[in-house]
1. From (1) open to solvent by 10 Å² or more (accessible area, probe 1.4 Å); (2) acidic (Asp, Glu); (3) under 27 Å from Phe371 (Cβ atoms), pick out the condition that doesn't hold for Asp175.
2. For the range 320-328, does any single residue satisfy the condition of being closer than 30 Å to Glu22 by Cβ, under 21 Å from the mean Cα position of the chain (by Cα) and not in a helix (DSSP H, G or I)?
3. Being open to solvent by 10 Å² or more (accessible area, probe 1.4 Å) and in contact with an Asp or Glu (Cβ under 8 Å, 6 or more places away or on another chain) is the filter here; which residues of the range 32-41 pass it?
4. Quick check on my filter: what residues within the range 352-365 are closer than 20 Å to Ala73 by Cβ and either of a type in the set (Phe, Trp, Tyr) or not in a loop (DSSP other than H, G, I, E, B) (or both)?
5. Given the criterion outside any loop (DSSP other than H, G, I, E, B), touching an Asp or Glu at 6+ places or on another chain (Cβ under 7 Å) and aliphatic (A, V, I, L, M), identify the matching residue among Ala372, Ala368, Ala383.
6. When you check Ile129 against the structure, is it farther than 17 Å from Val61 by Cα, within 12 Å of the chain's Cα centre (by Cα) and hydrophobic (A, V, I, L, M, F, W, C), yes or no?
7. Answer yes or no as to whether Leu323 is open to solvent by less than 40 Å² (accessible area, probe 1.4 Å), at pLDDT 95 or above, out of contact with any Leu (no Cβ under 7 Å at 6 or more places or on another chain) and closer than 30 Å to Pro147 by Cα.
Amino acid sequence: MVRGEAGPRSARSGSQPERLEETMRGRLGRECVYVPSCRFGLFVALRHWCPPGGRVLMSPVNDDVVFFVVLAAGLRPVQAPLNPFDGTVDVDAVPEETWGSLSAVLTTNLYGNPDPAPRLRARCDALGIPLLEDAAHAIGSEVGGRPVGAWGEASVFSLSKHADAQAGGFLSLADPGLAEAVRATCDELLAPSRSASELAYALRPYAEAAVRGLGLRRAARATLGLLGLTERDGIRMPLRPEALARAAGAAPDLAAYDPWVRVDLHAYRGEPGPLRLRRVGRGLERLDEVLRSCRDGTELLLSTRWARPGEGSRVQPLFRVPLLVADRDAAMAALARRGIVVGYLYDPPLDDYAGEEFTDPSPAPGAARWFARHALPVDPLRAGEAVEVLERSGARPAEPPKRPTRPGTPAGGAGAGP
């Protein structure tokens, strides 16, 4: 396992990263270490808490970058069964033999919908394994009366989402005594800041705005490609299985998996420059206002006929609200005509995408497939416009999936899948 040696903090004292850490510490109530990206922080956490060759339970409806970070840490992804209506882990559908084989559990909190952290915490405690929380989408969400990210041995946050900084994140720690060792490990893995990287960061907001502008999409996409900011023709990046298999010989090694881990964010391990840090600081200053607006938009979207059934719990300030529509492509096209771009799609699920060579498949894959096919992640900050477009387009709600019978369960029992 990676165990960095504690080093002096004098160089960081009073620095901008330290001030950002203090802000996040106040929000979360836990020790926080600033990292250049959520994926970088996740790699550090996995290497610190998981033995090489260990097995990690994770969601199959997740960013493929997260999947490659798990592989880069020298670990075996194990895909979990999901609740088909919100993409959270279905704890009861995980086989007992799977629980007994795990080295860790990694939550996703997809779009800000909290995974059942209290139940997962209890399971991990009983097994003596760590719970790690990916809170990239969930910086304002709560579960069990505590913030998402306050349940695990470690949790990672992204500042590219609600804070709209397009850079940076935090690795939070249950044990504050580990902070210096974790910072030392981060310092060992950081790449020096480059002027070209700072230029790409400065240009990204303008290029992305141009992508959304009429008549500029093709030119702007080419610009983003030249800057290394978009490398996908579809939802998933190319797997390149032969190269991926060769990289496994070097794991755990972040550099060996860099061609996959860096996709859409080449500076994921770069030492932050002053431009990034200033924008991160401004994003954190506006965060509470953004979260209030996200909560209002989420409430509106959850009141529509495309919302998941049975909703009645406390409204979270979701990063995206996964409406469930019969024809997602048609709904996306209708929204695009209004200038509303739908992103953060994770289809197909990771076990279908990567295959058994690289991951253990879910024991009940149907629910994840149904959710990945029908979820339409809508930005709650544009909730009113999106509802108007979907109503005008005649978008139909998705038909709920059938519930298969589990062994030992009466017909119509728990579980879901087509």
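The values are calculated or read from the model by the stated rules, or taken from the named source; none is laboratory data. Because the structure is a prediction, the values reported are computed rather than measured. As a convention, Cβ positions derive from the backbone with ideal geometry for all residues, glycine included, and neighbour counts pool all protein chains shown. In case anyone asks, the SASA skips ligands and DNA or RNA and just uses the protein heavy atoms, side chains included. Shrake-Rupley method; radii C 1.70, N 1.55, O 1.52, S 1.80 Å.
1. Result: Asp175 fails condition (3) only.
2. Within the range 320-328, one or more residues are closer than 30 Å to Glu22 by Cβ, under 21 Å from the mean Cα position of the chain (by Cα) and not in a helix (DSSP H, G or I).
3. Initially, the range 32-41 is screened for residues open to solvent by 10 Å² or more (accessible area, probe 1.4 Å), giving 34, 36, 38-39.
Once the filter is applied, which keeps residues that are open to solvent by 10 Å² or more (accessible area, probe 1.4 Å) and in contact with an Asp or Glu (Cβ under 8 Å, 6 or more places away or on another chain), the range 32-41 yields Tyr34, Pro36, Cys38.
4. Matches in the range 352-365: Tyr353, Ala354, Phe358, Asp360.
5. Exactly one of Ala372, Ala368, Ala383 is outside any loop (DSSP other than H, G, I, E, B), touching an Asp or Glu at 6+ places or on another chain (Cβ under 7 Å) and aliphatic (A, V, I, L, M), namely Ala372.
6. Answer is no for this residue.
7. So Leu323 does not fit the description; no.
Matching residues to (1) within 19 Å of Tyr344 (Cβ to Cβ); (2) within 21 Å of the chain's Cα centre (by Cα):
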residue: Gly74; (1), (2): no, yes
residue: Thr98; (1), (2): no, no
residue: Ser101; (1), (2): no, no
residue: Thr108; (1), (2): yes, yes
residue: Asp115; (1), (2): yes, yes
